[in-house]
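Participant: The structure under discussion is supplied below as structure tokens; questions concerning it will follow.
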Amino acid sequence: MTLPEVYGDDADDGEGEGERGPTGSSEPEVSKRSRGVALVLAFFGGFFGLHRFYVEKPRTAIAMLLTLGGCGVWYLYDLVLIAAGEFRDSEDLPLRRWGVSESSFAQHRLTGQAEQRVNELQEQFDGLRQQFNELAERVDFAERMLAQQRETPRPQLPRGS
């Protein structure tokens, strides 16, 4: 009897997204969003769905906004879920970490095409700066040449009578 592909050797390499985390540990995967931030947003702005905007659930956030937190019931339900660590983000991962992880800031760095574009623009800027400096040198040289021509007296031709 053969095993399905799910139970094959490829499932043990840590790349699976199921119950394994990104490092391949048997620890369940949790959201990159902060549970503490979500709890503060839910407590102070839960009637307006701020915590749902934070976890990238805009549809339900707008519904909470329009119903003022489901007349308070939905607001309290979400507060309890967040405090218990069972509230889930848009990727259906539970918010369990209290602190803000550094990886959430790292995703805002320039990567890939954006970083390449910045490097291209910097090279173009450096080229323009070099061209400007060369042009300034030429203008300075031309000004010195004109000044020399003004300083040297021109010979006058004798006047004939």
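The values are calculated or read from the model by the stated rules, or taken from the named source; none is laboratory data. In this text the structure is predicted, and so the values were computed from the model without any measurement. Every residue, glycine among them, receives a Cβ derived from its backbone with ideal geometry; neighbour counts consider all protein chains shown.
Participant: Sort through 29, 120 and tell me the only one that's outside any helix (DSSP H, G or I) and either of a type outside the set (Phe, Trp, Tyr) or in contact (Cβ under 8 Å) with a residue 40 or more places away in the chain (or both). Before you say what the answer is, go through the steps one by one.
Facilitator: Numbers: 120 fails: outside any helix (DSSP H, G or I).
The conditions single out 29.
Participant: Report, by residue number, each residue of the stretch 51-63 that is over 19 Å from residue 84 (Cβ atoms) and of a type outside the set (Val, Ile, Thr). Explain how you work it out, then say what you get.
Facilitator: Just the residues of the stretch 51-63 that are over 19 Å from residue 84 (Cβ atoms), to begin with: 53, 56, 58-59, 61-63.
Hits for the stretch 51-63 are 53, 56, 58, 59, 61, 63.
Participant: Another question, if that's okay. Taking the criterion of being modelled with pLDDT under 90 and outside any helix (DSSP H, G or I), would at least one residue in the stretch 48-65 satisfy it? Quick ask: steps written out before the conclusion?
Facilitator: Going residue by residue through the stretch 48-65, those that are modelled with pLDDT under 90 are none.
No: the stretch 48-65 contains no residue that is modelled with pLDDT under 90 and outside any helix (DSSP H, G or I).
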